[in-house]
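Here the structure is laid out as structure tokens; the discussion comes afterwards.
Nothing in this text is a laboratory measurement; each read-out follows from the coordinates by a stated rule. No experiment lies behind these values; they were computed from the predicted model shown. Cβ atoms come from the backbone with ideal geometry, glycine included; neighbour counts cover every protein chain shown.
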Amino acid sequence: NAGVTQTPKFQVLKTGQSMTLQCAQDMNHNSMYWYRQDPGMGLRLIYYSASEGTTDKGEVPNGYNVSRLNKREFSLRLESAAPSQTSVYFCASSEAGTGVYYGYTFGSGTRLTVV
Amino acid sequence: AQKITQTQPGMFVQEKEAVTLDCTYDTSDPSYGLFWYKQPSSGEMIFLIYQGSYDQQNATEGRYSLNFQKARKSANLVISASQLGDSAMYFCAMSRGDGGFKTIFGAGTRLFVKA
């Protein structure tokens, strides 16, 4: 089925460990996004990629890095996980420049716990 | 700075009745988009409805309508004829007119539909 696929769905890390969250979309969208969702705070933008080859910081980029591997894939890396990064992470995509009109297509999320 | 406010943490509605979920926003941009997303207990984010800042008419999508009052900076979601499946978290969101790359979300309203 067409859409946005995130892996893994669940992950438990120890403080200081690193990991990469993977995201792939098959909708031929140019723009991709990483958000985190914390209770009572809605979703907050971590990084986004307006188009292949570009990435930009969002509202809460500290502690994260991203890679736009190709048009389909956009990964999020935690180099040294901290308990404050315990959250649900969502990847999303949209047509370039049309995120203001058509909304985003979201993946199913990754629930990350850092102990 | 842009801001989205949802003041109702939780709402109850009787099945088959209509319900209004409140959303106010703050922006100095002349061009912006307003969205509502639904997040069921399964966790995925589902795009429901969109309203552009220059749209003269309120947006409607099936049982969903967006009551857009630009002067009051409000974008309330109205769900008509509520169904048990409408029980979910609902997020109001706003993106800027310069491509919609930075969508911000409100904290959400949890809706409970009673049989």
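Would you say residue B:73 is touching a residue at least 24 places away in the same chain (Cβ under 8 Å), basic (Lys, Arg) and in contact with a strand residue (DSSP E or B) (Cβ under 6 Å, 6 or more places away or on another chain)?
yes
Looking at (1) part of a loop (DSSP other than H, G, I, E, B); (2) within 11 Å of chain A (Cβ to nearest Cβ), which is the only condition residue B:37 fails?
(1)
So which residues in region B:38-57 are crowded, with 20+ Cβ neighbours inside 10 Å and farther than 18 Å from residue B:81 by Cα, if there are any at all?
If the condition is that a residue be crowded, with 20+ Cβ neighbours inside 10 Å and farther than 18 Å from residue B:81 by Cα, then B:39, B:45, B:51 are the ones that fit.
Is there a residue in region B:81-88 that is within 27 Å of residue A:49 (Cα to Cα), touching a Lys or Arg at 6+ places or on another chain (Cβ under 8 Å) and touching a residue at least 24 places away in the same chain (Cβ under 8 Å)?
Within region B:81-88, none of the residues are within 27 Å of residue A:49 (Cα to Cα), touching a Lys or Arg at 6+ places or on another chain (Cβ under 8 Å) and touching a residue at least 24 places away in the same chain (Cβ under 8 Å).
Might you let me know whether region A:78-89 holds any residue that is within 13 Å of chain B (Cβ to nearest Cβ) and of a type outside the set (Val, Ile, Thr)?
Quick first cut of region A:78-89, residues within 13 Å of chain B (Cβ to nearest Cβ) only: A:87-89.
Then drop every residue that is not of a type outside the set (Val, Ile, Thr), which leaves A:87, A:89.
Yes, because at least one residue in region A:78-89 is within 13 Å of chain B (Cβ to nearest Cβ) and of a type outside the set (Val, Ile, Thr).
Quick check on residue B:55: is it over 16 Å from residue B:108 (Cβ atoms) and touching a Lys or Arg at 6+ places or on another chain (Cβ under 9 Å)? Lay out the reasoning, then the answer.
Details: over 16 Å from residue B:108 (Cβ atoms): yes; touching a Lys or Arg at 6+ places or on another chain (Cβ under 9 Å): no.
In short, no.
Kindly check whether there is at least one residue in region B:77-88 that is surrounded by fewer than 19 Cβ atoms within 10 Å (Cβ to Cβ) and among the charged types (D, E, K, R).
Within region B:77-88 (the criterion being surrounded by fewer than 19 Cβ atoms within 10 Å (Cβ to Cβ) and among the charged types (D, E, K, R)), the answer is no, since none of the residues qualifies.
Among the residues of region A:50-57, are any within 22 Å of residue A:13 (Cβ to Cβ) and more than 8 Å from every other protein chain (Cβ to nearest Cβ)?
no
State whether one or more residues within region B:26-33 are of a type outside the set (D, E, K, R) and under 13 Å from the mean Cα position of the chain (by Cα).
So far as region B:26-33 goes, yes, one or more of its residues are of a type outside the set (D, E, K, R) and under 13 Å from the mean Cα position of the chain (by Cα).
For residue B:27, which of the numbered conditions (1) farther than 28 Å from residue B:71 by Cα; (2) in contact (Cβ under 8 Å) with a residue 12 or more places away in the chain fails to hold?
Every listed condition holds for residue B:27 apart from (1).
Please go through (1) among the basic types (Lys, Arg); (2) farther than 23 Å from residue B:1 by Cα; (3) in contact with a Phe, Trp or Tyr (Cβ under 9 Å, 6 or more places away or on another chain); (4) more than 10 Å from chain B (Cβ to nearest Cβ) for residue A:111 and return the number of the only condition it doesn't satisfy.
Status for residue A:111: all satisfied but (4).
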